[in-house]
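Notes for the one structure printed next.
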Amino acid sequence: MATEVAMRVADEERRISLSTHGGEDELEEGEIIGYVSESLKSLSIANNQPHLLEHAWTFWFDSPSAKSKQVPWGSSIHPVHTFSTVEEFWGLYNNIHRPSKLALRADFYCFKQEIEPKWEDPICDNGGKWTISYPRGRADTSWLYTLLAMIGEQFDHGDEICGAVVNVRGGQDKISIWTKNAANKATQLSIGRQWKEFLEYNDSIGFIFHVNTFSVEDCFDDCMLIDPSQT
């Protein structure tokens, strides 16, 4: 039920934004907020019961100001809040900055509870990541749909997903999905292809193994690209 509610909100927002603006490229920054909030009201009032998610998730933030102090890598990443229902997610999402509003060099994560967004975490240690890049300020909608697909358990191999991150860098925003077992090629390809479908993304995307799992040479040689013609 939680999955249905979360994805119906996303479908409704997509329908409204497309009919009103003619596509994602014309959306104004932050405009998605009002539509989603109104849709949620109409969907979650029924029975006045919270809609539990299959997993609890935690938002994490890596502050660019902390990075500038040359602290050890990973020590500047801090948990923001953990949520376990559809309502808690929207309550948080509607009160946090979209990627387009984050400061340069900021990193914002959403990971399953008990998994830290660090490659040193035992669950992440043997994994890898899919990454999609967008021009600066154009990743807001794709970030939302990535979150909804994860917490709504829309991936066939959702158990293999650790979480997602948006990295704000000069000239571009990057969204990545971290996975648990990079050696399972079929599973990684399934996740990548489904992610592209959810985002309606037509360009190629790349998968990178965590360097602690394979040598640098293997990582380079085995790096996979999904071409649009293969989907």
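Computed from the coordinates by the stated procedures, all read-outs in this text should not be read as laboratory data. The structure presented is a predicted model; accordingly, all values stated were derived computationally and were not measured. All Cβ positions, glycine included, derive from the backbone under ideal geometry; neighbour counts span all protein chains shown.
Distances between placed amide hydrogens fall under 5 Å for Tyr201 paired with no residue 5 or more residues away or on another chain.
Karplus-based coupling profile of segment 159-172, in residue order and whole Hz: 5, 8, 9, 8, x, 9, 9, 10, 10, 9, 10, x, x, 7, with θ = phi - 60° in 6.51 cos²θ - 1.76 cosθ + 1.60 and x standing for Gly or Pro.
Remark: segment 84-93, residue by residue, has Karplus-estimated 3J(HN,Hα) of 9, 10, 4, 5, 5, 4, 5, x, 6, 4 Hz, where x stands for each Gly or Pro and the curve is 6.51 cos²θ - 1.76 cosθ + 1.60 at θ = phi - 60°. Listed by Cβ neighbour count within 10 Å, with the fewest neighbours leading, Thr179, Thr187 appear as Thr187, Thr179. Annotation: amide H of Gln113 within the under-5 Å range of Ala56, Trp57, Thr58, sequence separation 5 or more or interchain, hydrogens built in the peptide plane.
Over segment 75-161, Cα pairs under 8 Å with separation of 6+ residues give a relative contact order of 27 percent. Using θ = phi - 60° in the Karplus curve 6.51 cos²θ - 1.76 cosθ + 1.60, the 3J(HN,Hα) couplings for segment 174-184 round to 10, 10, 10, 10, 8, 10, 8, 10, 5, 6, 8 Hz; x is entered for Gly and Pro. Distances between placed amide hydrogens fall under 5 Å for Asn126 paired with no residue 5 or more residues away or on another chain.
Relative intensity of segment 78-177 on a log10 scale, I(q)/I(0) at q = 0.10, 0.13 Å⁻¹, equals -0.26, -0.45, per a Debye sum over C-alpha point scatterers of equal strength in the absence of solvent.
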